[in-house]
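A short write-up of the structure that comes next.
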Amino acid sequence: MRRCWQRYAAFWGEREAPDSLALLRITFSIALIANLLEQLIAGNVREFYALPEQGGIFQRPESGLSLFRLPFLRPTALAVFLLVWGQMLAAVLLLVGLWTRLAALVCFVLQVTLYDRMDLFAFGGDNVFRVFLYLMVLSPAGAAWSLDARWRGKGRADVPRWPRRLFLFQLTVVYVSTGLYKIGSTWSALGGWSALYLALNLPGIARWPGDWAAWVYPLTQVGTFVSKWWEITSFLVGVNLFLRRHPDQPGRGRLRRLLARWDLRLLYLPLGVVLHLSLTVLMDLGVFSLGMVSLYPCLFHPHESRSFLQWLLPSSPFRGRACPACDSAPSGSQTKLHTSPVRERRARP
Amino acid sequence: MLAAVPPPDVPSCPPLTWRAHAAALFVTFHVACVLIYALPRPPVLDQDILEHPEVKAEMDQGFGALHKVIPWRDTPEQMRDDVLRVVLAYTRFMDRLRAVVEPYLETAGSTQSWHMFGGTPPRFPLVFVVEVQPRGEVDYVLFQDLHWGTADSAAMNFRHRKTHELLSYRSSASDWAAYAAYWARRWDEKHPDRPARRVRLSYERLHTPSPEQVRHGESDRRPERLADPFVWERP
């Protein structure tokens, strides 16, 4: 029992280079900024959040961690604008990685506050931001590719792997439970796989009148089948990543070896991007798809994220890691960052 | 960008510190709470919702087809009742479990349900209708034509459509009144010389034609105005 727990705790205690968390921080904060810009540009901030007498619509009780439970803070027009711009500022700080943890905390508390106030206007994308911002608060996401690493000496050679795994777990929960909710007959042969056709005929949600979908009905049936089973089986990506952790130890069992044989991300990630891109083109759902795709870096290994960031930001001031040694450094080892001040960690035996 | 081979930085196994044990405990607790809370369950399950045209049509089609394949009872209705009994018991059990983990998830802002992404698209979608009776006039004037392609519809933020959907099944009279008052203000801004006296909010139900019907040129959606509109009068 004790040995089982030791192995289990060791699994969660594994460490890795911080690049994937950094990329996740960057993409997710871009999506959060887009979500705020969408509301500001549309001019709906007062409508969504303020009291009716201040240009809002609904007078509803707040709950949870909402700042509006504080006796001195009411959702006046000024207060809601300050909170929205405050979240924007915190999201920009999160993007550049300055006071990263504090910025994530501010983004999270403001997201909960605005979400509770929004209530009848809230949609799934707001839920995604709220739930994943909590995980961002728990993550040392400013340990690389950040101004914290560059200016404040907060760069680290390795970080715990469990925060990224929690992102992966939560992303899997979103997709799998969404897939399991697709139990209606139209998501199966019983209803002729017609769910996507019906969705394309939803006034307002679908961008165009849905008659055109009748002419490509077989394609919509394929789309229905693929999207449902892609979501339900998306947990296989996590299983696949787990089984491929030790390439030199293929593991016992035929099923285990089969599941570990191919990198399933090569199938699931492009398909996910295509599905979300199709959703964005065909349906008016705000930045929902951007928010979901922005979480995909949690599926990348640190060296993959690093390659991508080095390609994207070849001469960026945020570039916190460029040492060749980092590329081959086992997690948990002591590695110096050459281009940024590093908080020294005690060497592990 | 994805590597064909797994990463070289596979972790070593350092001796476990108290932080590693604490992290493992916390992660286990969080994962268990999220799993319990996020397990699928019907958002609403009562007699009223079973009489809803969408739900009724779904039940009839689903259990009719299932009865042809696996007829464990004499009629589809009996099979439906069997399944509903099981679902009800499951929902009650899940509700008890959720109550245990809810305090933590509320605090962590992580209460979650993803049914909005996965639900069954309606066969009979609803279109929201906003009509205004200006002061001193007898007739109502259509203020918002939210059908496809209209200017009103194009100008409508997608979040309003979420509100329309939520108002149709989980809202109070005060929500309806607040939303009607909002449209009255919008009307007044556009027509300062004809201020709104009453606002009437209602739904129009559309019928989605089958692909075959559309291809044969029968794409009429037969809009039908639902009875029982909400009427708000300016105090």
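Here, the stretch B:126-233 yields an orientationally averaged convex hull projection of 7.9 nm² when only Cα atoms define the hull. Between B:D145 and B:D74, the simple label model (points 7 Å from Cα in the Cβ direction) yields a spacing of 5.4 nm.
Across the stretch A:161-300, Cα pairs under 8 Å and at least six residues apart give a relative contact order of 27 percent. A Cα-only calculation for the stretch A:2-95 places Rg and Dmax at 19.8, 63 Å. Counting Cα-Cα pairs of chain B in 10 Å increments starting at 0 gives whole-percent bin shares of 6, 19, 22, 21, 17, 10, 4, 1, 0.
Specify whether the C-alpha gyration tensor of chain A places it in the rounded, prolate or oblate class, a ≥ b ≥ c being the square roots of the eigenvalues: rounded for a/c under 1.5, otherwise prolate if a/b is larger than b/c and oblate if not. Oblate, since a/c reaches 1.5 and b/c is not below a/b. Share of antiparallel DSSP beta bridges in the protein assembly as shown, in percent to the nearest 5? Expressed as a percentage, antiparallel bridges in the protein assembly as shown total about 90.
Summing Lys, Arg as +1 and Asp, Glu as -1, what charge do residues with Cβ under 14 Å from the Cβ of B:L39 carry, B:L39 excluded?
+2
When chain A is described by a simple charge dipole with +1 on each Lys and Arg Cβ and -1 on each Asp and Glu Cβ, the residue from A:F129, A:L180, A:L236 located farthest towards its positive end is A:L236. Each Cα pair under 8 Å and six or more residues apart adds its sequence gap; the mean of these over the residue count of the stretch B:80-205 is a relative contact order of 30 percent. Annotation: for a label point projected 7 angstrom from Cα along Cα→Cβ of A:Q59, residues of the stretch B:171-199 with backbone N closer than 12 Å are B:174-175, B:177-179. As a proxy for reagent exposure, ranking A:F108, A:F81, B:F158 by other Cβ atoms within 10 Å from fewest up yields A:F81, B:F158, A:F108. Taking Lys and Arg as +1 and Asp and Glu as -1, the other residues whose beta-carbon sits under 13 Å from that of A:D284 total +3.
Take the convex hull of the alpha carbons in the stretch A:161-300; its mean projected area over all directions comes to 9.7 nm².
Other protein chain C-beta atoms within 10 Å of residue C-beta, averaged over A:107-114: 1.
Shielding value for A:183-193 is 5, the average number of Cβ atoms from other chains within 10 Å of each residue's Cβ. If every alpha-carbon in the stretch A:28-184 counts as one equal scatterer, what log10 I(q)/I(0) does Debye give at q = 0.13, 0.14, 0.18 1/Å? Once normalised to I(0) and log-transformed, intensities are -0.67, -0.76, -1.10.
Counting alpha carbon pairs within less than 8 Å and at least 6 residues apart, what relative contact order, in whole percent, applies to chain B?
Working: 210 pairs, mean separation 39.0, N = 235.
About 17 percent, as a whole number.
All other residues whose Cβ lies under 12 angstrom from that of A:V45 are scored, Lys and Arg at +1 and Asp and Glu at -1, for a net of +1. Looking at the square roots a ≥ b ≥ c of the eigenvalues of the Cα gyration tensor of the stretch B:131-191, which shape do they give, rounded for a/c under 1.5, prolate if a/b is larger than b/c, or oblate? Note, shape of the stretch B:131-191 comes out oblate. If you wrap the protein assembly as shown in the convex hull of its Cα atoms and look at it from every side, the mean projected area works out to 31.2 nm².
In the stretch B:18-116, the ratio of gyration radius to Kirkwood radius, Rg to Rh, stands at 1.15 when only Cα atoms are counted.
Charges at C-beta only: +1 for Lys and Arg, -1 for Asp and Glu. How large is the resulting dipole of the protein assembly as shown about its Cα centre, in Debye rounded to 20? If you can, show how the numbers build up before the last one.
On the way: 67 positive and 51 negative charges, 616 e Å.
I would put it at about 2960 debye.
Coordinate-derived values only; no laboratory data. The shown structure was predicted, so the numbers you read here are calculated from the model rather than taken from an experiment. Backbone-built Cβ (ideal geometry, glycine too); neighbour counts: all protein chains shown.
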